[in-house]
Amino acid sequence: MKFSLDIKGSITPFVAVGRVFEEPKTICYPFEKKEIAKGYRGFHTNSLDKCIGCANCQDVCMNDAIDMIPIKEDRNPKNSSGCIPRIDYGRCCWCSLCTDVCPPSSLKLEEDCIWASDDSNNFLYMPKDK
Amino acid sequence: MENRVIKIYHGPQHPGITGNMSLELDLLGETIKGARTHVGYLHRGFEKLVERRTIIQAFTIVCRICVPEPDPNEENFARAIETLAGIEISDRAKYIRTMVLEMARVASLLLWIGGQSGSIGLGTVGQWSLFDRDLILDLFEELTGGRVYHMYIYPGGVRRELPDGFLDKLFELLDYLEDRLPLYDKVFFENATFKKRAIGVGVVNRDEALKNGYVGQVLRGCGIKRDTRRDNPYLVYEDLDFEIPTFNGCDVYARAMVRRGEIRESIKILRQIIEKMPKDGKIMQKIPKHRRFKIPKDDTFVSTESARGEYSYYIAGDGSEKIRRMQVKGASLIHGFTLLEKLLIDEELSNVAMIMNSLGICPPEIER
């Protein structure tokens, strides 16, 4: 094997040493939190004043993640079916098609997106009324 | 003691690849005498899943076919449906789509730098490039609402308008990335360690490259100027001025240098897009509602240049709201089987991860 010395190629990588003195780029979670962009596709919210219980969201969901659950109180008088959507976060892929097809735009996605639970039933998520 | 050929499994988890794919290697000492690719760890049956869903529902699946660079899938799917349904999208939507595709290309190439440098032990470079990629993902988060799976390019246009000041932020990011490129040159592309390891390793036969259907950097690393953006232009690539970087070594280093050139060209393209993007125009054409969106009994074949090479979709409709057949042809299948098995013969075991990475193989895309 022919021996050759690449002096420039051996010295230039040492520029990396200069970066030792730079500020760290990482954040110290959970004490420090990353700002989530406006419009991030996080958890669902559903304005019960507007929801008409049409089940368009359930129909368009490709993962069958949405069930229409009967509701008695605090419902929109125009909600003829008497049901509102409940989302299974074990199946949801946050594609946001459900919010696209919502006729009164009651179903939306908020920026909040961190969820931890030791009970799998807690992943059947009832959207907050917002 | 007599030399014996021993058989080992390299993978499915190893530094040479994004995803899971194993290689069955026949070793004589440290030298590879035979290689067979084994896939099957990531098969999710997307082509079949698409047939059971309506067009609108299928749109959310296709981006998952390739994890490191989902956007060419979205573009292929959307363009195929638009071709079949006869939908013409606005110029503004075309520019936004091109911008998303080029941002995705830069992000994917930065991820590749991380993989390639990691495969030869230069871990620091990978940390830097993944941080830079994250800055692009931050912009994607703002634009599309998702960091990796954007689900943004939609049949009929794009789903959201650009946020306020987005193009300014992109412009600043391009300045930053351009300043970073000389640093990557110093620590990685001109690094004596990388050159020593990569030059003359994994040499592709130039004559076979075209005949066997290799694409992307493998072809351009052999000095062959092939790029779908030039050969079969789509969106607004015809109006943009860019070069197709080529290199003549046919080895791992040549493919790395081609990618280095592509980052520079993508930054150049993005600057032109910022300058030329129409201020007004509909981002989304009116399309039928979910159950009423039907495509005629016809078929089409569309191609997009992904960060790994030509990426194509065949889509056939049967007059209903569902797709009759969807076939994905990515760059990884031919590179992962036909090429890789041949390239590894008589190479050292320590070079396997580096050679795999240089071919840009993506197992999720092979298996779909």
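The values are calculated or read from the model by the stated rules, or taken from the named source; none is laboratory data. All values derive from a computational prediction rather than experimental measurement. In this analysis, Cβ positions are derived from the backbone assuming ideal geometry, glycine residues included, and neighbour counts consider all displayed protein chains.
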| task | Assess whether residue B:157 counts as being more than 10 Å from every other protein chain (Cβ to nearest Cβ), small (Gly, Ala, Ser) and on the phi < 0 side of the Ramachandran plot. | result | no
| said: Every residue in segment A:39-83 that is among the charged types (D, E, K, R), within 12 Å of another protein chain (Cβ to nearest Cβ) and either part of a helix (DSSP H, G or I) or in contact with a Leu (Cβ under 6 Å, 6 or more places away or on another chain) (or both), please. | reply: A:41, A:59
| request: Working only within segment A:91-130, note down all residues that are touching a strand residue (DSSP E or B) at 6+ places or on another chain (Cβ under 8 Å), part of a loop (DSSP other than H, G, I, E, B) and not hydrophobic (A, V, I, L, M, F, W, C). | output: A:96, A:106, A:110, A:127, A:129, A:130
| Number of positions in segment B:275-316 that are under 16 Å from residue B:89 (Cβ atoms) and of a type outside the set (A, V, I, L, M) | 10
| note | Counting only residues that are within 11 Å of chain B (Cβ to nearest Cβ), free of Cβ contacts under 8 Å to residues at least 24 places away in the same chain and either touching a helix residue (DSSP H, G or I) at 6+ places or on another chain (Cβ under 8 Å) or among the acidic types (Asp, Glu) (or both), segment A:23-38 contains a total of 2
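Report whether or not residue B:138 is within 12 Å of another protein chain (Cβ to nearest Cβ) and more than 21 Å from the chain's Cα centre (by Cα).
Against the criterion (within 12 Å of another protein chain (Cβ to nearest Cβ) and more than 21 Å from the chain's Cα centre (by Cα)), residue B:138 does not qualify.
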| request: Test residue B:67 against the criterion of being at pLDDT below 85 and β-branched (Val, Ile, Thr), and give yes or no. | output: yes
| request: Evaluate the following for residue B:287: is it surrounded by 15 or more Cβ atoms within 10 Å (Cβ to Cβ) and at pLDDT 90 or above? | output: no
| task | Check segment B:72-92 and report whether any residue there is surrounded by fewer than 19 Cβ atoms within 10 Å (Cβ to Cβ), within 14 Å of another protein chain (Cβ to nearest Cβ), assigned to a loop (DSSP other than H, G, I, E, B) and not charged (D, E, K, R). | result | no
| query | Is there a residue in segment B:142-152 that is among the small types (Gly, Ala, Ser) and within 19 Å of the chain's Cα centre (by Cα)? | reply | yes
| query | Does at least one position in segment B:49-64 carry a residue that is loosely packed, with under 14 Cβ neighbours inside 10 Å and within 11 Å of chain A (Cβ to nearest Cβ)? | reply | yes
